[in-house]
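K.L.:
What follows is a structure written as structure tokens; I'll ask about it next.
The values are calculated or read from the model by the stated rules, or taken from the named source; none is laboratory data. What you see is a predicted model, and the numbers here were worked out from it, not measured in a lab. All Cβ positions, even for glycine, are placed from backbone atoms using ideal geometry, and neighbour counts span all protein chains on display. These accessible areas exclude ligands, DNA and RNA; they are computed on the full protein's heavy atoms, side chains included. Shrake-Rupley method; radii C 1.70, N 1.55, O 1.52, S 1.80 Å.
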Amino acid sequence: MHVASLSLTDFRSYPEVELTLEPGATAFVGPNGQGKTNLVEALGYVATHSSHRVATDAPLVRHGAQRAVVRAVIVRDDRRALVEVEINPGRANRARVNRSPVPRPRDALGLLRTVLFAPEDLALVKGDPSERRRFMDELLVARAPRFAAVRADYERVLKQRNTLLRTAAASRAGRRRAPRRQDDDAAFAAAGAGDVLSTLEIWDTHLVRFGAELLAARLHLVDLLRPLAAKAYATLAPSSGLADLEYRASGLSTDIPTLGTNRELLAECIRAGLAEARQAELERGVTLVGPHRDDLLLRLGELPARGYASHGESWSFALALRLAAYDLLRTDGGDPVLILDDVFAELDGQRRRRLTEIVAPAEQVLITAAVPDDVPPELTGARFDVTEGSVTRVR
Ligand SMILES: Nc1ncnc2c1ncn2[C@@H]1O[C@H](COP(=O)(O)OP(=O)(O)OP(=O)(O)O)[C@@H](O)[C@H]1O
């Protein structure tokens, strides 16, 4: 697949910009802070409905504007689709496909598939588990857009369950602080606690159902990614150790890998974990078991990459994860658009050459760089210069 045109209205620094793009390599070149990343960030937003740089949408809307619109024409197997996403911070986004509104923005996911690698990806290795969970979940959605709904359902249930637990924890703490009313409170608590527990059980059922579906999908994904990430890492950094991935489910007593991806067994396992954590959850007011607490352990040889890997190794591992994602998407449904944001300047000569060999055959690769020398000669197709907010095609 490739993007034939990209246009932005009030996105980041751009009041209005429209670009015609072609398959092959395209470089956006310009000094720092001129708006190169803003362009590829917008394209990434069309694919994932999120930014690779910020967790909330407000910074994506041009200062002083109310909303931003990103439009992309996507060509896949000679079919064209115009996808438009309207970003409304604080309110629901809207999306249109071929000028017709879709009922929910997530109905437009999957039409554009991108793999974006950027300096922020170092957080995949060095950052919190949430970074790695997001990596897995975005890839699940790119492969099967219906997972956007599973994830949204899981998050909705989690939020409701946490609200209930928080209320229960606060009322327990309140009772502890008011000893004079202990008897009254005990009677009240007996009635109230019963309500809380039965409501909690309803939320448990939903949490277990959506949680098991998410967990099974992530486990399957990690099985597929493991050899691809190991291969990509060995290509990028042949002298370092073997790169390996392992899914870590928190709060479950059973060894997850032995359960495979059987959803019923995983559901039982989450249910048992919740039962075991019940008391602690009621005290702490938060859900302690489920895929929202899991992690993807990255190992280099015997050691965890986080905390042990060097800067260069961490960078290569993050890149290997993205390349593994790219490989996977390619095998199950055509070339995704590859976006390399400020990547080559970070790599030494050997890694630069190896990355170039890997990405050169991609149907479309978009590269941002501060200077033309940071774009390998094998990847110099079209070139846009980006300066002071204007984007000019120079080749
Ligand atoms: N919401 C916004 N409204 C207006 N301007 C914005 C907004 N968000 C970012 N900018 C501006 O966009 C510019 C940064 O653009 P971008 O990150 O694309 O730069 P870049 O060319 O990729 O730079 P670098 O090479 O340093 O990565 C900054 O000048 C910033 O002030």
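K.L.:
Return the equivalent ellipsoid semi-axes of segment 238-395 as a descending list in whole Å, where each equals the square root of 5 times an eigenvalue of the C-alpha gyration tensor.
P.N.:
Three semi-axes, in Å: 42, 19, 17.
K.L.:
Here's something else I'd like to know. If you fit an axis through the alpha-carbon atoms of helix 147-177 and take the longest principal axis of the Cα set of the chain, what angle between them do you get, 0 to 90°, nearest 10?
P.N.:
Value to nearest ten degrees: 40.
K.L.:
What percent does the relative contact order of the chain come to when contacts are Cα pairs within less than 8 Å and at least six residues apart?
P.N.:
25 percent
K.L.:
Next up: Once the mean 1/r over all distinct Cα pairs of segment 1-146 is inverted, what Kirkwood radius in angstroms do you read off?
P.N.:
Across segment 1-146, the inverse of the average 1/r is 15.9 Å.
K.L.:
Per residue and in cubic angstrom, what volume does the convex hull of the Cα atoms of the chain have?
P.N.:
Looking at the chain, the number lands at 163 Å³ per residue.
K.L.:
Looking at segment 206-309, which GluC sites (Glu not before Pro) are in a loop (DSSP not H, G, I, E or B) and have at most 12 other Cβ atoms within 10 Å?
P.N.:
Those satisfying the criteria are GLU302.
K.L.:
In whole angstrom, how far apart do the alpha carbon centroids of segment 339-395 and segment 225-245 sit?
P.N.:
The distance from the Cα centre of segment 339-395 to that of segment 225-245 comes to 23 Å.
K.L.:
Quick one: helix 36-48 against the long Cα principal axis of the chain, what's the angle to the nearest 10°, folded into 0 to 90?
P.N.:
50 degrees
K.L.:
If you take every residue apart from PRO59 with its C-beta less than 9 Å away from the C-beta of PRO59, what net charge results, scoring Lys and Arg +1 and Asp and Glu -1?
P.N.:
+1
K.L.:
Hey, what's the chain come to in accessible area per residue, 1.4 Å probe, Å²?
P.N.:
46 Å²
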